[in-house]
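**Student:** Structure in structure tokens, see below.
Every read-out reported here was derived from the displayed coordinates using simple, explicitly stated rules and does not represent laboratory data. These numbers were taken from a predicted model, which means no experiment stands behind them. Cβ placement follows ideal geometry from the backbone for every residue including glycine, while neighbour counts extend to all protein chains displayed.
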Amino acid sequence: MPQYVDQFCGKAPPHRGASSFVYPATPDNIVFFAEALRRGCLVAMPTETVYGLAGLALDESACRRIFQIKGRPLLDPLIVHVEDLAWANRLASLTPEAEKLAAHFWPGPLTLILRKKTVIPTIVTAGLDSVALRIPRHPVARSLLAAVGQPLAAPSANPFGYVSPSTAQHVADSFASALPFILDGGPAEIGLESTIVDLTNPAEVSILRPGGISAEAIGEVLGVPVGYRQPSPAPENGLALMAPGTLKRHYSPRTPLSLFDEGTRPPAQAMEAVVFLKAVREQHPSPHFYWFSESGDPGEIARNLFALLRRLDQAGHSRIWCESPRETAAGLTRAISDRLSRAAAKNKAGGSK
Ligand code: TXA
Ligand code: MG
């Protein structure tokens, strides 16, 4: 395999005779992927939340290619994954709040926004003086970080604005040969992106993006109340992106998506799919009925959410209706509601596909 590495640093794909670029996460392949990363290539790696599109965080040109391949505006900063607290301290100033949260939730699905140190290239943080950091807990991500010996910038491995990937195949579906190194660590354990906490103002700790770790759990560790920051409307100029992580319009399938309230039925037409939070038990359910979970358990809904949205997006429906939990919900249910609202937001705004 190593002979492919040089060919792949922004150049044409090799002729491997294979249609897939997905590699099982064997120890040998992890060593190979680490070498590819050290040479400046990009790879997809599994994490417990969603798959990430990884490159060396301290290598400006690798980071530039992450933006290019995702089609992501340069004003939307990258999240950086580190192996341990020693690396976190080299990249950012860990406040007492950060130390408490890190001790409690890392490794795990929590991203901290912290004041950055100068070693991080400007492109990573889109010129901001803060950086998004997390230590993932997926064993393959941890082995890869250890093998690389450096931090990895890794936003979710989906084209900008599209549904995030919860399997290696989702990554392959979106990028094909443009991203030839995809490390398969199985379906994501959580299925939704990490909770993002802004710690840059210790007087007002807030959640930029809800995830599996709730505001209540974070507030309990810190001993102060922690609130959710409201998503910003789609930006009309770059400056609006200065509240990153809070874009209202995001995570959307190409098929128009509408929400209906939990426990109700939508006014669906014949070719429209209807997705419930839990299994519909009736004698003759419509063939266009689907559900995110059998039981209604939030963990099961989260694990299946992006996979089902992607599958329905391929199925030729004219609209996808999704049952959405109440926005006042807490914990993972809040994150589910958040992702569904953002997936639907562009239709509400009357925007184009
Ligand atoms: O679970 C996750 O967080 C996954 C896995 C791969 O780790 N990553 C992920 O990355 O979701 P991404 O780029 O799709 O989402 C990270 C969010 C973006 O919305 C970005 O705007 C925000 O974090 N972000 C990055 N740096 C920031 C900063 N300095 N201040 C505020 N938000 C920031
Ligand atoms: Mg993303």
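**Student:** Kindly identify segment 284-336 as rounded, prolate or oblate by the Cα gyration tensor criterion: order the square roots of the eigenvalues as a ≥ b ≥ c, call it rounded if a/c is under 1.5, otherwise compare a/b with b/c, prolate if a/b is larger, else oblate. Before the final figure, lay out the partial values.
**Tutor:** Numbers: a/c = 1.92, a/b = 1.74, b/c = 1.10.
Prolate.
**Student:** On a C-alpha basis, how far is the centre of segment 160-175 from the centre of segment 67-82 in Å? Whole number, if you could?
**Tutor:** One Cα centre to the other: 15 Å.
**Student:** Could you give the DSSP H helices of the chain that reach 15 angstrom or more along their long axis (alpha carbon positions) and whose average Kyte-Doolittle hydropathy is no lower than -1.0? Working shown, then result.
**Tutor:** Numbers: long enough: 27-38 (17 Å, 0.42); 60-70 (16 Å, -0.42); 298-314 (24 Å, -0.20); 331-348 (26 Å, -0.65).
Passing helices, by number: 27-38, 60-70, 298-314, 331-348.
**Student:** Efficiency by 1/(1 + (r/R0)^6): what FRET value for residue 118 and residue 229, r their Cβ-Cβ distance, R0 = 25 Å, to the nearest 0.05? Could the numbers behind the result be given before it?
**Tutor:** Details: r = 27 Å, r/R0 = 1.08.
Taking R0 as 25 Å, the efficiency between residue 118 and residue 229 is 0.40.
**Student:** Calculated FRET efficiency, residue 315 and residue 68, Cβ-Cβ r, R0 30 Å, to nearest 0.05? Write down the numbers at each step before the final one.
**Tutor:** Values: r = 30 Å, r/R0 = 1.00.
That gives a FRET efficiency of 0.50.
**Student:** If a paramagnetic tag sat 7 Å from the Cα of residue 60 along the Cα-Cβ line, which residues of segment 92-135 would have the backbone N under 11 Å from that point?
**Tutor:** Flagged as within label range: 121-124.
**Student:** What is the total of Lys pairs in the chain with C-alpha atoms under 30 Å apart, excluding same-chain pairs fewer than 8 positions apart?
**Tutor:** 19
**Student:** A further question on this structure: Return the loop-located GluC sites (Glu not before Pro) in segment 142-205 (DSSP other than H, G, I, E, B) with at most 13 other Cβ atoms within 10 Å of their own Cβ; answer none if there are none.
**Tutor:** On the way: sites: 189, 193, 204; in loops: 189, 193, 204.
Those that pass, being in a loop and sparsely packed, are 204.
**Student:** Take the Cα of residue 35, step 7 Å along the line toward its Cβ, and report every residue of segment 151-187 whose backbone nitrogen sits under 19 Å from that point.
**Tutor:** Residues passing the 19 Å test: 180-184.
**Student:** For residue 160 and residue 289 in the same chain, what is the full-extension length gain: residue separation times 0.36 nm, less their Cα-Cα distance, in nm?
**Tutor:** Working: separation 129, 0.36 × 129 = 46.44 nm, distance 2.85 nm.
Contour length minus the Cα-Cα distance gives 43.6 nm.
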